[in-house]
Amino acid sequence: MSYHKPEAKTIQDLKDIAHRLRIHSITSTQASKSGHPTSCASIAEIMSVLFFNTLRLNLKFPRDPSSDRFILSKGHSAPILYAAWAEAGLFPIEDLQNLRKIDSDLEGHPTPRLNFIDVGTGSLGQGVAVAAGMAYVGKNYDKADYRTYVVVGDGESAEGSIWESLHFAGHYKLDNLCVIFDVNRLGQSEPTSLQHHMEIYRKRLDAFGFHALVVDGHDVEELVKALHEASITKNKPTAIIAKTYKGKYFPNIEDLENWHGKPLGDKANEVIKHLEGLIVGATDAPANPPKSPAKLKQAPVVDITNVKLSSPPNYKLGEQVATRLAYGTALAKLAQNNDRVIALDGDTKNSTFSDKLKKIFPERYIECFIAEQNLAGVAIGAACRDRTIAFVSTFATFFTRAFDQIRMGAISQTNVNFVGSHCGVSIGEDGPSQ
């Protein structure tokens, strides 16, 4: 599919929406007296182009299995995510003023108590793994047309877990995944280590097997073109590395330190007036709704409720059976009875006996290698929207590396089953360090 440059009106409309999203981010954080408006401002054009030119969404059923997926890994920018859904027509824009209030569902960071959020992303460094899990399921199990997009902050990209997940996505050639890096240069307390060294980002992502594109993150047309290129790229995921500025279009605040996590206070009215002056159309003009997923190849209807052993246990009274062997045997029997039972492991499958499932259904086994944080995150993503029943296994102590991912999985109300083997203070001949 060849690229068609958007009409001038479309480009201007997307610019106007970006500024409206900025204004909503300011007014909602002013009302709550807390939040991250400058972090929202750096991704305003990204969010505008995604929601109003790229994503295929079902507003009547936000978790439609056939719709595109979107993860905001930098969850502190929640106000602009809520604003985008409100502008799309999911709920009244006036509700944005309830941000962070004790009786509001619009929490400071996204959680699935909202019907348009798949996973919680308050803890940084985890969104790419979840997105990779969603993309893996879309490509290999659902075999549907939906795509997965994730916006990552440059600050959180210092997390090793991000690079575990990027390796996974590149290895499995997840060409239905697009990772968008918001390179706004500034962290919470000081500039990031790479700041705006865009070529370093590009080379690293290229080495990890991505189709890596560097763009001006505030240029609507560049973003539209890059996202189109991502949609037609085959056999590798795409990384859009967007050069942005924290507090973009906020006079006397843009690209300055010490504005992270602060409402604009007495500067808010001045900034809002400036932004309104940048809007060409009516400031309250309704945005065109997002594209519909109706014409996409639909995800199949699945049933994750029928979780039963294909045959009862047949152990003999008094027989000694290793618990890990019993797990592997039961897992294989569950898989025989439900084609959405999958297993994930961290290169310990012949110890945890998850390989018993792999021997019967090799396509339903996901090898995540020795990268336990990504292992947990991929499983959470794979289970989203009730697409799979995921069983994750490795040595029990290795799960401690993924403690935060497991915690966030619980907050995200995910249906993932974690199974740790070789538990205890010491495990026999291997000693206490195993």
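The values are calculated or read from the model by the stated rules, or taken from the named source; none is laboratory data. Since we're looking at a predicted model, the values are computed, not measured. Please note: Cβ atoms are built from the backbone with ideal geometry, for glycine as well, and neighbour counts cover all protein chains shown.
For Cys40, work out the one condition from (1) buried (at least 21 other Cβ atoms within 10 Å of the Cβ); (2) free of Cβ contacts under 8 Å to residues at least 60 places away in the same chain; (3) within 24 Å of Ile380 (Cα to Cα) it doesn't fulfil.
Against the list (1) buried (at least 21 other Cβ atoms within 10 Å of the Cβ); (2) free of Cβ contacts under 8 Å to residues at least 60 places away in the same chain; (3) within 24 Å of Ile380 (Cα to Cα), Cys40 comes up short only on (3).
Looking at the range 289-310, which of its residues are farther than 25 Å from Thr388 by Cβ and surrounded by 15 or more Cβ atoms within 10 Å (Cβ to Cβ)?
Pro290, Lys291 - these are the residues of the range 289-310 that are farther than 25 Å from Thr388 by Cβ and surrounded by 15 or more Cβ atoms within 10 Å (Cβ to Cβ).
Might you let me know whether the range 311-318 holds any residue that is in contact (Cβ under 8 Å) with a residue 12 or more places away in the chain, among the hydroxyl-bearing types (Ser, Thr, Tyr), surrounded by 12 or more Cβ atoms within 10 Å (Cβ to Cβ) and outside any helix (DSSP H, G or I)?
Checked against the condition, which is being in contact (Cβ under 8 Å) with a residue 12 or more places away in the chain, among the hydroxyl-bearing types (Ser, Thr, Tyr), surrounded by 12 or more Cβ atoms within 10 Å (Cβ to Cβ) and outside any helix (DSSP H, G or I), the range 311-318 yields no hits at all.
Mind listing whichever residues of the range 72-93 are hydroxyl-bearing (Ser, Thr, Tyr) and either touching a Cys at 6+ places or on another chain (Cβ under 7 Å) or not in a loop (DSSP other than H, G, I, E, B) (or both)?
Ser77, Tyr82
What's the number of the condition Lys225 fails, among (1) surrounded by fewer than 14 Cβ atoms within 10 Å (Cβ to Cβ); (2) out of contact with any helix residue (DSSP H, G or I) (no Cβ under 6 Å at 6 or more places or on another chain); (3) assigned by TED's automatic domain parsing to the domain that holds Ala169?
(1)
Please specify each residue of the range 22-61 satisfying the condition of being charged (D, E, K, R), within 19 Å of the chain's Cα centre (by Cα) and part of a helix (DSSP H, G or I).
Once the filter is applied, which keeps residues that are charged (D, E, K, R), within 19 Å of the chain's Cα centre (by Cα) and part of a helix (DSSP H, G or I), the range 22-61 yields only Glu45.
Under 6 Å between Cβ atoms, which residue pairs at least 6 apart in sequence (or on different chains) link something in the range 50-61 that is surrounded by 18 or more Cβ atoms within 10 Å (Cβ to Cβ) with a partner that is at pLDDT below 95 and in a helix (DSSP H, G or I)?
Pairs found: none.
List pairs: first residue in the range 228-249 and in the same structural domain as His36 (by TED's automatic domain parsing) and among the hydroxyl-bearing types (Ser, Thr, Tyr), second residue part of a loop (DSSP other than H, G, I, E, B) and at pLDDT below 95 anywhere in the structure, Cβ distance under 8 angstrom, at least six positions apart or on different chains.
If the second residue must be part of a loop (DSSP other than H, G, I, E, B) and at pLDDT below 95, the pairs left are Ser231/Met1.
Restricted to the range 96-126, and to residues that are of a type in the set (Ser, Thr, Tyr) and more than 19 Å from Leu375 (Cα to Cα), which residue is surrounded by the most Cβ atoms within 10 Å (Cβ to Cβ)?
Step by step, filter the range 96-126, then rank; the result is Thr111.
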